[in-house]
Amino acid sequence: MIEPVDFNSRNQGINQMKVSSLQISKKAKQQELKVSIYVDFQNTQLNRDTATLLLEFAKSKGVLITKNVYYNSHCKYQFAAMDDLDSIGYKCLDVPCDLKNSADNQLMANYLEDIDSNIPPDIFILVSGDGDFVKLVSNGQKLGKHFIIFSQIGKVKQKLKERADEFYFIDELFQLVGKKTQDHTTVINHQISYNEAVEYLIVTVKQALSQGKPINYSYIDGLMRQLYPKYQGISSISTPNGKKFKNFGKFVDAVVNSGKIQRQNQELFLIELNELVA
C-alpha cells in the first residue's frame, strides 16, 4: 500500500530550507563585505576606549581591512595619543604640517588608492565632521559604496551629516556597541547620584588637563568610565526627578548651567572654573 504524501508538510519543509539558506547567504554576504576606517584626528579625536569600540562596531559590519588614523605630530596632544591607538591595531599616519586640516589631502589620496585597488572596501567609516569630505562621500556613493560617518558633537557640517548613509556621534559608540554585551543586572547595580556624577566629572576634567589630554565629550566620558567603575554611562546617573539624560552632552549642559563647570568654546572643552582663573 502506497502511503499518501503530505504535501503541506513537504512544502513547509522546503520553505524552511529556503529561509535557512537565505539567512546563511545573508550572513555570508555580510562577512564578505570589506570595511575601512579613516580617522581625521585633527577634526575628531578618539581615546583608547572609543577607538576600541569603533573597531568592534566596524567588525560587526564585515571584514575590517583598513584602520588608518591621520594626525599631525606638530600638535603635541595628537602625537601623544598615537601610542594608544597604535597599540590596539590602528595604522597611525603622520602628516607633519602647520596648515589647518593638513591630514585631509593624505586621507583623500589613500581613499582613492583603496577604492581603485584589487580589494576595494564596500563600507567606509569616516571619523570626521569636516565638510571638505562631502564630495568624497558623494562620489563614493555613486560607485555603490556605503558611508558611515562619526563626528563629535558641535563639529560636524550639516551637508556631511545629510550625505552620510549612516551618521552617529562618537558619544553614541558606547550605546551602539555596549548594548549588545551589557548585562541588565549590571546596569541596575551600578547607579550613582547626579551629585556623584558631577564630582566624577570635575575630577576627570582635572586629570585630563593635568595630562594635557583633549577635553572633549568622548574622551571625558571614556575616562570617567575608567576612573569610576560605578559610572557605566549616562544611563547609570540617577537624577532627583527620576528622568534620565538623553546623552552625555545633556548631562554636561546641566553641570554647565549649575556653574560648576564652564564650557570654553565650540571646541567643547570642559574647563573647571578655577583652572580658567589660573
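The values are calculated or read from the model by the stated rules, or taken from the named source; none is laboratory data. Remember, predicted model here, so these are calculated numbers, not experimental data. Positions of Cβ are backbone-derived with ideal geometry, glycine not excepted, and every protein chain shown enters the neighbour counts. To get the accessible areas, we keep the full protein, side chains included, count just its heavy atoms, and leave off ligands, DNA and RNA. Shrake-Rupley method; radii C 1.70, N 1.55, O 1.52, S 1.80 Å.
Of the set (1) out of contact with any Phe, Trp or Tyr (no Cβ under 6 Å at 6 or more places or on another chain); (2) of a type outside the set (D, E, K, R); (3) not in a helix (DSSP H, G or I), all apply to Asn105 but (3). From the list Asp116, Asp132, Asp83, the lone residue that is within 21 Å of the chain's Cα centre (by Cα), free of Cβ contacts under 8 Å to residues at least 12 places away in the same chain and open to solvent by 30 Å² or more (accessible area, probe 1.4 Å) is Asp83. Looking across the stretch 211-235 at every residue that is hydroxyl-bearing (Ser, Thr, Tyr) and at pLDDT 80 or above, the one that is surrounded by the fewest Cβ atoms within 10 Å (Cβ to Cβ) is identified as Tyr228.
Take the stretch 209-253 and flag every residue that is aliphatic (A, V, I, L, M) and touching a residue at least 24 places away in the same chain (Cβ under 8 Å).
Residues satisfying the conditions are Leu209, Ile215, Ile220, Leu223, Met224, Leu227, Ile237, Val252.
If you filter the stretch 135-176 down to residues that are polar (S, T, N, Q) and open to solvent by less than 50 Å² (accessible area, probe 1.4 Å), you find that the one that is modelled with the lowest pLDDT is Gln152. For the criterion of being hydrophobic (A, V, I, L, M, F, W, C), free of Cβ contacts under 8 Å to residues at least 60 places away in the same chain and in contact with a Lys or Arg (Cβ under 6 Å, 6 or more places away or on another chain), Ile65 passes. Taken as a whole, the condition of being surrounded by 20 or more Cβ atoms within 10 Å (Cβ to Cβ), among the small types (Gly, Ala, Ser), within 28 Å of Leu54 (Cα to Cα) and at pLDDT 70 or above does not apply to Gly249. Within the stretch 64-80, the set of residues being open to solvent by 60 Å² or more (accessible area, probe 1.4 Å) and not in a helix (DSSP H, G or I) comprises Ile65, Lys67, His74.
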